[in-house]
Structures are given as C-alpha cells and as structure tokens.
C-alpha cells in the first residue's frame, strides 16, 4: 500500500517565486541528494498540516498559506519505497535552521540551478511542474 507524503516548494517571499529552498538528505534513501522539505503524513493529520509540520521540523521555517500544486507517484522498488507525494508551494517565514536529524545541509537556489542538482525521489518532476505553473 503506498504511503501519503508531502513536499514543499518554499520561496523567501512572494516576489521571488524562482528562488527555492532545498535540503540535502543525511539518511537513506537518496542520502546525499538534494530534496524539497517534506515527509510522511501522520495518522489523522491533513496534508496541509503535514507540510507545515515537516517544513518546521526540517528547516525551522513557518510555511505560510501552502497552495496545492499537484500529486506525484513515487515508486522506487529498489528502495522498497512507494508513495503518493502531494506537492505544495508557498512562502517560508522566519530564520532557516539546520535540523540535523535528517538534513545535512540547507540552501536557497535559483530554480535553474536546482533543476540541475541530483534530486531525491521525484523532486525533479515536482520542480518541472512548478516551472510550468509559473509560466501560466
């Protein structure tokens, strides 16, 4: 049975949608790859609650008014991983703090640079969809 997960495209403010925050994973799967902050939806938690919680846990930021972007199937038999990721975008407020439990590095990137990085899970597809959304 697939798990439900969330992923956050975080911008520093509403006027800079092309600058996003990525974290580098310190745990498997995809250890050492960059990714969007996110994680599993807990029991009895809404997707919106989960994405706000995960962003706070991984970055220290408050994720302001997350907007749903799209869903993505993440099927990786090699890692025994199957999830449906719900992607959101929005603004991060506060000071970025590295949370070392799952993250070894955190940084802001222009979208074009982020798209060229080794990204975890299906986060390249999520960012490509975000770029399409910005072009509309």
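Figures for the structure shown
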| read-out | value |
| --- | --- |
| Failed item, numbered, when residue 53 is tested on (1) part of a loop (DSSP other than H, G, I, E, B); (2) without any contact (Cβ under 8 Å) to a residue 24 or more places away in the chain; (3) in contact with a strand residue (DSSP E or B) (Cβ under 9 Å, 6 or more places away or on another chain) | (1) |
| Unmet criterion (only one of (1) surrounded by 13 or more Cβ atoms within 10 Å (Cβ to Cβ); (2) without any contact (Cβ under 8 Å) to a residue 24 or more places away in the chain; (3) in contact with a strand residue (DSSP E or B) (Cβ under 9 Å, 6 or more places away or on another chain)) for residue 45 | (3) |
| Evaluation of residue 133 against (1) at positive phi; (2) out of contact with any helix residue (DSSP H, G or I) (no Cβ under 7 Å at 6 or more places or on another chain) (one fails), failing number | (1) |
| Of the criteria (1) touching a helix residue (DSSP H, G or I) at 6+ places or on another chain (Cβ under 9 Å); (2) surrounded by fewer than 14 Cβ atoms within 10 Å (Cβ to Cβ); (3) in contact (Cβ under 8 Å) with a residue 60 or more places away in the chain, which one residue 88 fails | (2) |
| Residue selected from region 103-120 under the condition assigned to a loop (DSSP other than H, G, I, E, B) and in contact (Cβ under 8 Å) with a residue 24 or more places away in the chain, by the criterion surrounded by the fewest Cβ atoms within 10 Å (Cβ to Cβ) | 118 |
| Residue count for region 68-102, restricted to those that are farther than 21 Å from residue 48 by Cα and in a strand (DSSP E or B) | 3 |
| Among residues of region 19-31, those that are assigned to a loop (DSSP other than H, G, I, E, B) and at pLDDT 95 or above, counted | 0 |
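The values are calculated or read from the model by the stated rules, or taken from the named source; none is laboratory data. The model shown is predicted, which means the values in this text are computed figures rather than measured ones. No Cβ is skipped: glycine too gets one built from the backbone with ideal geometry, and neighbour counts run over all protein chains shown.
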